[in-house]
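Trainee: The structure follows.
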Amino acid sequence: MKNDSGIIPISDATHVRSLPVPQSGPIRTEDGFWTDALGRPLRDLRISVTDHCNFRCRYCMPKEIFTSRYSFLPQTELLSFEEIMRLARIAVRHGVRKFRLTGGEPLLRKGIERLVADLLTLRTDEGKEPDVAITTNASILKKKLPALKEAGLKRVTVSLDAMDEAIFQSFNDVGFPAAKILEAIDAALEAGLKVKVNTVVKRGVNENEILKICERFRNTGVIPRFIEYMDVGSSNGWRMTDVVPSAEVVERIRSRYEVEPINPNYIGETATRWRYVDGAGEFGCISSVTRAFCRDCSRARISMEGRLYLCLFATEGYDLRTLLRGGATDFEIEEALGRIWSARENRYSELRALGLTPDRPKIEMSYIGG
Ligand code: SAM
Ligand code: SF4
Ligand code: SF4
């Protein structure tokens, strides 16, 4: 609903609501780490650093809703890097090994390289540097590369839904050229970063781009990952008929190349991995719709204003910012996080497959991060 100034407030457009911290918990495993109600550890924290984006991908921030009058959050509402680091420090102490910076468009957050460098100073429970990655539309990646490299960034995931200019530009809906994204990917490779490419496949729109993307990235070290179009948020008009199942993606690729499945890198990896038998590299499929992977889901998400979400398809989050800004000690925050994680029962994709999903507005992808 619009307010008096005609602007849609973020709380309406993204359905942000807060839940109280559970009274009991945390549940711990024998080695002392938190575990959720379904026995899943917390390993992966996705941090959304901004709700702004310079693209208007139709499956994420459709122009009709995210108009020039849409009211994005003011800077003061965002978690500061110091606040993010306070949460990150607690998270690594409790088993988190991987951070992904996302958004909106994370590279639009001023000084993002400073956060990358700070996260890399942390040490995991295994005494190692955490895995820090960024998911980006890559529109300004080339410009930001020197600073990100200097900060120690080692990997980046670039979203690229099509090689064809007309199709790519209809995806981003702001006329941004695919050629510039490809240039940024090449620059990232030259800078020594590992690169993955995310491609959301939508029925009738970009199935014919799958083989072109494979062709472009074979023998480059870049790993394309084909993502089933998901019913995240409530604004993209998702229909099951728009989804291209990963099995079909693999069949298309198999029609040209000999491929075989390979083992996951770790338990809970979202993508199933495939390799070209001729040694030209690998690709992955993320099948959130047709092959739910909730059983091993060890991911939590923090929105740019400090709400913790336990699932990509959550309808509500937990307000950590009030704790952070209200004088809570590290111990109190730690207890709250542990209790929240211990009460987690989320398994939306499994429920979707059973036709049991709640009919409530979900959080938008651009708010929660991918
Ligand atoms: N702006 C950055 C980008 O596009 O890479 C990061 C944020 S974006 C929300 C993260 C990822 O979510 C992107 O790879 C995007 O393609 C994917 N995504 C967004 N909406 C989606 C949807 N409805 N289904 C599947 N993937 C989606
Ligand atoms: Fe922006 Fe990424 Fe969403 Fe596209 S998918 S609108 S680039 S946040
Ligand atoms: Fe994890 Fe939720 Fe996705 Fe299941 S639906 S894999 S619980 S984020």
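The values are calculated or read from the model by the stated rules, or taken from the named source; none is laboratory data. Quantities reported herein were computed from a predicted structural model and do not represent experimental measurements. Cβ coordinates were reconstructed from backbone atoms using ideal geometry, including for glycine residues, and neighbour counts include every protein chain displayed. What goes into the accessible areas is simple: the full protein's heavy atoms, side chains included, and nothing from ligands, DNA or RNA. Shrake-Rupley method; radii C 1.70, N 1.55, O 1.52, S 1.80 Å.
Trainee: Any residue at all in segment 349-356 that is open to solvent by 50 Å² or more (accessible area, probe 1.4 Å) and not small (Gly, Ala, Ser)? Before the answer, list the steps.
Mentor: The first filter runs over segment 349-356 and keeps only residues open to solvent by 50 Å² or more (accessible area, probe 1.4 Å), leaving 353-356.
Applying the additional criterion that residues be not small (Gly, Ala, Ser) yields 354, 356.
Among the residues of segment 349-356, at least one is open to solvent by 50 Å² or more (accessible area, probe 1.4 Å) and not small (Gly, Ala, Ser), which makes the answer yes.
Trainee: Please tell me if residue 218 is more than 16 Å from ligand 2 (Cβ to nearest atom), more than 14 Å from residue 138 (Cβ to Cβ) and at pLDDT below 95.
Mentor: Numbers: more than 16 Å from ligand 2 (Cβ to nearest atom): yes; more than 14 Å from residue 138 (Cβ to Cβ): yes; at pLDDT below 95: no.
Considered against the rule, which asks whether it is more than 16 Å from ligand 2 (Cβ to nearest atom), more than 14 Å from residue 138 (Cβ to Cβ) and at pLDDT below 95, residue 218 comes out as no.
Trainee: Looking at segment 138-160, which of its residues are part of a helix (DSSP H, G or I) and not acidic (Asp, Glu)? Please lay out each step first, then the result.
Mentor: Narrowing segment 138-160 to residues part of a helix (DSSP H, G or I): 141-151.
Once the filter is applied, which keeps residues that are part of a helix (DSSP H, G or I) and not acidic (Asp, Glu), segment 138-160 yields 141, 142, 143, 144, 145, 146, 147, 148, 149, 151.
Trainee: Now, a different point. Return the pairs, sorted by first residue and then second, in which the second residue is acidic (Asp, Glu) and not in a helix (DSSP H, G or I), the first residue lies in segment 89-109 and is within 15 Å of residue 50 (Cα to Cα), the beta carbons are less than 7 Å apart, and the residues are 6+ apart or on different chains.
Mentor: Hits for this filter: 103/51; 104/51.
Trainee: If we keep just the residues of segment 310-333 that are among the aliphatic types (A, V, I, L, M) and over 16 Å from the mean Cα position of the chain (by Cα), which is most open to solvent (accessible area, probe 1.4 Å)? First the steps, then the outcome.
Mentor: Just the residues of segment 310-333 that are among the aliphatic types (A, V, I, L, M), to begin with: 310, 312, 314, 320, 323-324, 328, 333.
Still in the running and over 16 Å from the mean Cα position of the chain (by Cα): 320, 323-324, 328, 333.
Details: 320: 3, 323: 49, 324: 19, 328: 14, 333: 2 Å².
Restricting to residues being among the aliphatic types (A, V, I, L, M) and over 16 Å from the mean Cα position of the chain (by Cα), the top hit is 323.
Trainee: Let me ask something else about it. Any residue at all in segment 331-341 that's touching an Asp or Glu at 6+ places or on another chain (Cβ under 7 Å) and more than 19 Å from residue 227 (Cα to Cα)? Before the answer, list the steps.
Mentor: Here is the first cut: in segment 331-341, the residues touching an Asp or Glu at 6+ places or on another chain (Cβ under 7 Å) are 341.
Next cut, more than 19 Å from residue 227 (Cα to Cα) only: 341.
Looking for residues that are touching an Asp or Glu at 6+ places or on another chain (Cβ under 7 Å) and more than 19 Å from residue 227 (Cα to Cα), one finds at least one in segment 331-341, hence yes.
Trainee: Quick test of your reading of the structure: residue 301 fulfils all but one of (1) away from ligand 2 (no atom under 16 Å from the Cβ); (2) open to solvent by less than 30 Å² (accessible area, probe 1.4 Å); (3) not in a loop (DSSP other than H, G, I, E, B). Name the failing condition by number.
Mentor: (1)
Trainee: Which one is nearest to the chain's Cα centre (by Cα) among residues in segment 249-258 that are touching a residue at least 40 places away in the same chain (Cβ under 8 Å) and open to solvent by less than 70 Å² (accessible area, probe 1.4 Å)?
Mentor: Filtering segment 249-258 for residues that are touching a residue at least 40 places away in the same chain (Cβ under 8 Å) and open to solvent by less than 70 Å² (accessible area, probe 1.4 Å), the one nearest to the chain's Cα centre (by Cα) comes out as 249.
Trainee: I'd like to verify a number: residues in segment 181-231 that are buried (at least 19 other Cβ atoms within 10 Å of the Cβ) and assigned to a loop (DSSP other than H, G, I, E, B), how many?
Mentor: Of the residues in that region, 7 qualify.
Trainee: Assuming residue 114 fulfils every condition listed in (1) under 21 Å from residue 158 (Cβ atoms); (2) modelled with pLDDT of 95 or more; (3) of a type in the set (D, E, K, R) apart from one, which condition is it?
Mentor: With (1) under 21 Å from residue 158 (Cβ atoms); (2) modelled with pLDDT of 95 or more; (3) of a type in the set (D, E, K, R) applied to residue 114, the lone miss is (1).
Trainee: Spot the failing condition for residue 307; the list is (1) at pLDDT 85 or above; (2) open to solvent by less than 10 Å² (accessible area, probe 1.4 Å), and only one is missed.
Mentor: Checking residue 307 against (1) at pLDDT 85 or above; (2) open to solvent by less than 10 Å² (accessible area, probe 1.4 Å), the one that fails is (2).
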